[in-house]
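Data block below; observations after.
The values are calculated or read from the model by the stated rules, or taken from the named source; none is laboratory data. The structure presented is a predicted model; accordingly, all values stated were derived computationally and were not measured. Here Cβ is always computed from backbone atoms with ideal geometry, including for glycine, and neighbour counts include all displayed protein chains. Side chains are part of the model used for accessible areas, which takes the heavy atoms of the whole protein and leaves out ligands, DNA and RNA. Shrake-Rupley method; radii C 1.70, N 1.55, O 1.52, S 1.80 Å.
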Amino acid sequence: MKYVSNGFSPKMLNPNMELTFTIEDSSLDEIQEQKDELISSIGHDSIAEHLGIEKNRINIQLEVDDILYFVQICHDEDHKQCYDYRKICIIK
């Protein structure tokens, strides 16, 4: 499964499986390319609006081969709002 979220916690990993994960940089373009395949667990209004994805605060449980696109609001050197995009791949 592929998800998009504004949060990530190890509690999202299936506790019945021994899982590891990688974290890579991602981009708005990559998320937009995957948009039709993504399950939203975005709980933040402005991030959902920025991505053009529905706000859908749900709990998810990640398993082998799942991908989580993680989006956070950040601020640049001039204190302007920007976004940080990460791709978390769940592996065994």
The chain: relative contact order from alpha carbon pairs under 8 Å, six or more residues apart, as a whole percent, is 41
A 1.4 Å probe over the protein heavy atoms gives the chain a carbon and sulfur accessible-area percentage of 44
For the chain, percent of DSSP beta bridges that are antiparallel (nearest 5) comes out at 60
Dimensionless Rg/Rh of the chain, both radii on Cα and Rh by Kirkwood, sits at 0.97
Filtered hits (aspartates and glutamates, Cα-Cα < 12 Å from residue 92, offset >= 8 within chain) -> 18, 63, 65, 66
Probe 1.4 Å, heavy atoms of protein chains only: per residue, the accessible area of the chain in Å² is 64
Per GNM of the chain with C-alpha springs under 10 angstrom, the most fluctuating residue out of 32, 81, 61 is 81
Around residue 32 (Cβ within 15 Å, Cβ-to-Cβ, excluding residue 32; K/R +1, D/E -1) the net charge comes to -4
Simple SL model, points at 7 angstrom along Cα→Cβ for residue 22 and residue 9; separation in nm is 2.7
